[in-house]
Every structure is written in C-alpha cells, then in structure tokens.
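Throughout, read-outs are computed from the coordinates displayed, never taken from laboratory work. Everything quoted here is computed from the prediction, not taken from an experiment. Cβ: placed from backbone, ideal geometry, glycine included. Neighbour counts: every protein chain shown.
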Amino acid sequence: MLPIILTIILLIALMFSISSLMKKRNKAGITGVKSALTAISFYLIGITNLLAYWFHFIGIINWSITVILLILGAYFTKYMPVSEK
C-alpha cells in the first residue's frame, strides 16, 4: 500500500513541478529546447527510477541510465539563461 501512495505523491509532484516550470519559462519569455534540457533530464531520472522500481529492473541498467542523464543534465546547464539580477 505504501509504494502505491508514494508513487501517486511522486507523480503529483512531477506534474506540479513541470507545470510550474512551464509557467516560469513562459513568464520569463524563455523559448527553445536547449535551455530546458537540464530540467528534462532531471525529470527523466525520476521517471526512470519510478519505472525501475515498479518493473524490477533496479540494477546496473538503472544506474547507468541515471548517471547518463545526470551527465547530460550537467552538460546542458551551459544553455540555461543567466539571471539579470
């Protein structure tokens, strides 16, 4: 029962986070995919780990995908817009 509740909470948090990210990007006038790739990589890490838990492929495949997505997320931070404050 607990894994189901935690999965629902994670999915709700992901949806809320994605919608707030999109609102902030629209409000700031940021367009393009390159500046969003860091956030997309981090969202994919959460989704990958959730799927790994439910489909029982926790292991070297999951770790490899997570590390690759972390490296991609770190790489694409150079395309994030700089704050003007």
*With a ≥ b ≥ c the root eigenvalues of the C-alpha gyration tensor of segment 2-79, is it rounded (a/c under 1.5), prolate (a/b larger than b/c) or oblate?*
oblate
*Determine the gain in length on full extension of the stretch Leu50-Leu2; use 0.36 nm per residue of separation and subtract their C-alpha separation, reporting nm with one decimal.*
15.9 nm
_Residue-by-residue Karplus 3J(HN,Hα) for segment 15-21, coefficients 6.51, -1.76, 1.60, Hz, glycine and proline x_ = 5, 5, 5, 5, 5, 5, 5
*Quote the FRET efficiency, to the nearest 0.05, computed for Ile60 versus Leu11 with a Förster distance R0 of 22 Å and r equal to the Cβ-Cβ distance.*
0.30
_How tilted is helix 60-75 with respect to the longest principal axis of the chain? Cα atoms for both, answer in degrees (0 to 90, nearest 10)._
10
